[in-house]
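Chemist: Please read through the structure below; I'll follow up with questions.
The values are calculated or read from the model by the stated rules, or taken from the named source; none is laboratory data. Keep in mind the model is a prediction, meaning the values are calculated, not measured. Glycine gets a Cβ as well: all are built from the backbone with ideal geometry, and neighbour counts include every protein chain shown. Note: areas computed on protein heavy atoms with side chains; ligands, DNA, RNA excluded. Shrake-Rupley method; radii C 1.70, N 1.55, O 1.52, S 1.80 Å.
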Amino acid sequence: MRECQARGCDVTLITKEKMLEEDWPREVLADLFAVPNDSPVELFLDLVSHIAQRRKVDRIIALEEFDVVIAALAREHLCLKGMSSVTAKTFRDKLSMSVKARDAGITVTDFVPAINNDEIADYLNRVPPPWVLKPRSDVSAIGIRKLGSAEEAWAVIEELNKRESLRERASYHLLSRFISGEVFHVDSLVDQGRVVFAGVNKYGRPPLQVAHSGGAYISQTIAHGSAEQRRLLEINRRLIKAMGLQSGATHAEFIKSEADGEFYFLEIAARVGGAYIADVLEAATGINLWREWARLEVAGDRAPRERLKPRKEYAGIILSLAKQEYPDTSAYDDPEVFYRVKKRHHAGLIVRAKELERVNELLTDYGRRFAEDFIAVLPPLERPE
């Protein structure tokens with residue numbers, strides 16, 4: 001938002017009432033609107049139309065996962081350039097994105113939509129357990145269940161189909177083979193259908209494990225020039241081409257199987273990654289995803305952009321729920337500390353170094369210390385708040 005305003009744009013923010021008091025950059029906003037938390041899509045479209053009566057709207061950008069489709073529908077309502085609602089829905093639906101990836105020749109975990117009983121029965125007979133049942137449109141590990149037997153799978157499907165909320169029923173879920181391994185994420189900037197920047201990081205523990213078992217979330221840069229980095233960058237390039245994104249930011253996740261060493265596609269989102277991923281990438285490369293995305297949007301299809309020249313350093317983050325409302329991390333005073341997370345009931349540090357070994361050393365040490373100093377555990381969410 002600051003970058004857009006610095007480049008001559010009038011920036012209007014639409015948020016929900018529960019987010020109104022967050023630390024928005026109010027000094028650069030031309031207008032700020034808050035809608036009720038349970039607002040239907042039609043209210044967003046009406047508000048965008050109201051804004052457009054007084055100010056010419058050129059771009060509509062979604063800042064987080066749950067607004068990607070709404071922003072696309074608003075663009076179509078005003079006939080603006082940008083990602084269509086068809087493409088946006090593909091980025092929001094784990095079934096659609098898995099089909100797109102598979103059709104493009106990318107390795108995907110065996111999956112089946114939880115819809116047709118015969119297909120589900122064939123899948124449960126053909127694919128050995130364990131499996132995961134996950135909502136097709138939620139984020140992170142929200143609502144994901146690990147299943148160990150066909151009986152358990154059928155019981156969960158039956159329970160979902162009895163739910164009052166139609167969008168919580170089984171057809172809105174995907175059954176997928178559970179794979180043990182390390183989880184990686186590739187975060188990209190896309191301009192005119194081409195990946196112009198991508199950073200590859202690895203989670204300390206799979207997000208599903210952190211969500212269900214607690215502990216610290218860790219993510220860090222992997223070795224520059226390594227075989228893993230080269231392979232993931234290539235898969236990511238093919239994936240984004242298959243998804244049809246022309247411009248924007250993406251966050252894609254892959255798992256490297258312990259069994260066969262292959263990379264399997266998990267999911268992709270048309271947004272900047274959460275949990276301070278953009279800050280970690282900026283620490284390592286000097287490239288801020290939010291700022292560069294804003295520059296792409298403001299420039300549109302005009303003159304070619306200057307080529308990005310990232311640094312090849314290393315960074316990582318450790319982040320956890322904290323017992324304290326405002327945890328004090330001042331005892332973590334290594335010179336490599338790049339950023340301290342300032343969020344209620346969260347402790348977090350980003351570190352930066354020229355050597356990967358130093359980042360590994362610091363995150364390992366901080367992981368032990370966080371367990372004693374800060375970490376709190378809450379049950380995983382079944383649905384987004």
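Chemist: If you check every pair at least six apart or on different chains, which have Cβ atoms under 6 Å apart with a residue in the stretch 194-207 that is closer than 15 Å to ILE222 by Cβ and open to solvent by 30 Å² or more (accessible area, probe 1.4 Å) first and a residue that is β-branched (Val, Ile, Thr) and not in a strand (DSSP E or B) second?
Modeler: Cβ pairs passing all conditions: LYS202/ILE222.
Chemist: If MET19 satisfies every condition in (1) out of contact with any strand residue (DSSP E or B) (no Cβ under 6 Å at 6 or more places or on another chain); (2) among the hydrophobic types (A, V, I, L, M, F, W, C); (3) farther than 20 Å from LEU289 by Cβ; (4) in contact (Cβ under 8 Å) with a residue 24 or more places away in the chain but one, which is the exception?
Modeler: (4)
Chemist: Being in a loop (DSSP other than H, G, I, E, B), open to solvent by less than 30 Å² (accessible area, probe 1.4 Å), at pLDDT 95 or above and not β-branched (Val, Ile, Thr), is that true of even one residue in the stretch 88-109?
Modeler: Taking every residue of the stretch 88-109 in turn, at least one turns out to be in a loop (DSSP other than H, G, I, E, B), open to solvent by less than 30 Å² (accessible area, probe 1.4 Å), at pLDDT 95 or above and not β-branched (Val, Ile, Thr).
Chemist: Could you list, in sequence order, all residues of the stretch 93-112 that are over 19 Å from ASP260 (Cβ atoms) and touching a Lys or Arg at 6+ places or on another chain (Cβ under 8 Å)?
Modeler: ASP93, LYS94, LEU95, SER96, ALA104
Chemist: Do you know which of the residues in the stretch 304-339 that are in a strand (DSSP E or B) and more than 21 Å from the chain's Cα centre (by Cα) is surrounded by the fewest Cβ atoms within 10 Å (Cβ to Cβ)?
Modeler: As a first pass, look at the stretch 304-339 and keep what is in a strand (DSSP E or B): 314-322, 337-339.
Then drop every residue that is not more than 21 Å from the chain's Cα centre (by Cα), which leaves 322, 337-338.
Details: ALA322: 22, VAL337: 15, PHE338: 18.
Applying the filter and picking the extreme gives VAL337.
Chemist: I want to confirm something. Restricting to the stretch 340-350 and keeping residues that are without any contact (Cβ under 8 Å) to a residue 60 or more places away in the chain and in a strand (DSSP E or B), which single residue is nearest to SER219 (Cα to Cα)? Write out each step before concluding.
Modeler: Residues of the stretch 340-350 that are without any contact (Cβ under 8 Å) to a residue 60 or more places away in the chain, as a first pass: 340, 342-347, 349.
With in a strand (DSSP E or B) added as a condition, the list becomes 340, 343, 346-347, 349.
Numbers: ARG340: 15, LYS343: 18, HIS346: 16, ALA347: 15, LEU349: 11 Å.
Top of the filtered list is LEU349.
Chemist: Can you pull out every residue in the stretch 145-178 that is among the aliphatic types (A, V, I, L, M) and touching a Lys or Arg at 6+ places or on another chain (Cβ under 8 Å)? Before the answer, list the steps.
Modeler: Restricting attention to the stretch 145-178, the residues satisfying the condition of being among the aliphatic types (A, V, I, L, M) are 147, 150, 153, 155-157, 160, 166, 170, 174-175.
Hits for the stretch 145-178 are VAL156, LEU160, LEU174.
Chemist: Which one is surrounded by the fewest Cβ atoms within 10 Å (Cβ to Cβ), of the residues in the stretch 69-87 that are closer than 18 Å to ASP191 by Cβ and among the polar types (S, T, N, Q)?
Modeler: Here the residue is SER84.
Chemist: Let me ask another. Checking VAL57 against (1) part of a loop (DSSP other than H, G, I, E, B); (2) exposed (fewer than 15 other Cβ atoms within 10 Å of the Cβ), which test does it fail?
Modeler: Among (1) part of a loop (DSSP other than H, G, I, E, B); (2) exposed (fewer than 15 other Cβ atoms within 10 Å of the Cβ), VAL57 violates only (2).
Chemist: Ok, one more. For the stretch 22-45, which positions are assigned to a helix (DSSP H, G or I) and either surrounded by 15 or more Cβ atoms within 10 Å (Cβ to Cβ) or among the aromatic types (Phe, Trp, Tyr) (or both)? Outline the logic, then answer.
Modeler: First pass over the stretch 22-45, keeping only residues assigned to a helix (DSSP H, G or I): 26-28, 41-45.
Correct list: VAL28, PHE44, LEU45.
Chemist: From the residues in the stretch 233-272 that are open to solvent by 40 Å² or more (accessible area, probe 1.4 Å) and of a type in the set (S, T, N, Q), which one is nearest to ARG295 (Cα to Cα)?
Modeler: Checked the stretch 233-272; the qualifying residue nearest to ARG295 (Cα to Cα) is SER247.
Chemist: Let me ask something else about it. Go through the stretch 273-284 and give me each residue that's surrounded by 21 or more Cβ atoms within 10 Å (Cβ to Cβ), touching a residue at least 60 places away in the same chain (Cβ under 8 Å) and part of a helix (DSSP H, G or I).
Modeler: Scanning the stretch 273-284 gives ALA278, VAL280, LEU281, ALA283, ALA284.
Chemist: Based on what the data block shows, is SER176 crowded, with 19+ Cβ neighbours inside 10 Å and under 23 Å from the mean Cα position of the chain (by Cα)? Full working, then the answer.
Modeler: Values: crowded, with 19+ Cβ neighbours inside 10 Å: yes; under 23 Å from the mean Cα position of the chain (by Cα): yes.
Yes: the conditions hold for SER176.
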